[in-house]
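What follows is a single structure, written as structure tokens, with notes after it.
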Amino acid sequence: DIGVTGVQTCALPISNRAALLMFGAVFLWIGAFALFWGRHAFRAACFSLLFLLFAVPIPEPVLSKVIFLLQKGSSDAAEVFFRLGGVPYLRQGFVFQLPGVAIRVAEECSGIRSTLALLITTVLAGHLFLKSSWKKLLLCVVVVPLAILKNGLRIMTLSTLAIYVNPGFLHGDLHKHGGIVFFVIALVPLALLLMWLQRSESPSSAVATGS
């Protein structure tokens, strides 16, 4: 008898297939633009073309690691806000035991979508209003800790309202649709930093114009 060994196939997860497909489409679009419009047009449109990479989904296992880091950061930030607000708590990992209620900072509460939205907004704002590359980079780097603080503030706010006002806040409209409020709160310090960085570029630009 001849034994037949099974061959194991390594199938890509659906999210990775979508990421690979989108990356191929963006790469094809960039290549076609450079081919038909030439090198000078490609340089002029380089930012716009590379900006299309934000349309590519984050593949696994990178996505899971990013979500875990945001979960941990958001939990740490929420703990700090609980201490500052004088809210009694007992923490075990991502679970907070609060007076009359227990909450868990789940993957859905990591703030991955709002963090990406903040990053995309910041990259675009830096390109439009800043000239220095390191200042653009600085503006983008600030997004991550700011997004974590924003998410920790959201967790603390909803939990405090659930404890002292109504437990329904944990499942109400503020929880489901109130993310835009905290997104705007995070935009304020980013806008102030952008204005300060832009203002610091003004003297040098004025000297260059005068010469």
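The values are calculated or read from the model by the stated rules, or taken from the named source; none is laboratory data. Bear in mind that the values here come from a model prediction, so they are computed numbers and not experimental data. Every residue, glycine as well, gets a Cβ built from its backbone with ideal geometry; the counts of neighbours run over all protein chains shown. All accessible areas refer to the heavy atoms of the entire protein, side chains included, with ligands and DNA or RNA removed. Shrake-Rupley method; radii C 1.70, N 1.55, O 1.52, S 1.80 Å.
Which residues, taken from the stretch 135-155, are within 16 Å of Phe68 (Cα to Cα), open to solvent by 30 Å² or more (accessible area, probe 1.4 Å) and more than 11 Å from the chain's Cα centre (by Cα)?
Passing the criteria: only Leu149.
Using the structure shown, decide if Asn151 is over 30 Å from Glu201 (Cα atoms), modelled with pLDDT under 95 and in contact with a helix residue (DSSP H, G or I) (Cβ under 7 Å, 6 or more places away or on another chain).
Yes; evaluated as a whole, the condition is true for this residue.
Out of the residues in the stretch 159-179 meeting the condition of being open to solvent by less than 60 Å² (accessible area, probe 1.4 Å) and in contact (Cβ under 8 Å) with a residue 24 or more places away in the chain, tell me which one is nearest to Gly100 (Cα to Cα).
The qualifying residue nearest to Gly100 (Cα to Cα) is Ile163.
Taking the conditions exactly as written (modelled with pLDDT of 90 or more and among the hydrophobic types (A, V, I, L, M, F, W, C)), does Leu170 satisfy them or not?
no
Do you know which of the residues in the stretch 97-124 that are in contact (Cβ under 8 Å) with a residue 40 or more places away in the chain and outside any helix (DSSP H, G or I) is most open to solvent (accessible area, probe 1.4 Å)?
Residue satisfying both the conditions and the ranking: Gly100.
Which ones in the stretch 125-148 are touching a Pro at 6+ places or on another chain (Cβ under 9 Å) and either assigned to a helix (DSSP H, G or I) or not β-branched (Val, Ile, Thr) (or both)?
Leu146
Kindly establish whether Phe23 is closer than 28 Å to Ala147 by Cα, under 16 Å from the mean Cα position of the chain (by Cα) and in a helix (DSSP H, G or I).
no
Which ones in the stretch 180-199 are open to solvent by 50 Å² or more (accessible area, probe 1.4 Å) and either under 14 Å from Val143 (Cβ atoms) or free of Cβ contacts under 8 Å to residues at least 60 places away in the same chain (or both)?
Ile180, Val181, Val184, Ile185, Leu187, Val188, Pro189, Leu192, Met195, Trp196, Arg199
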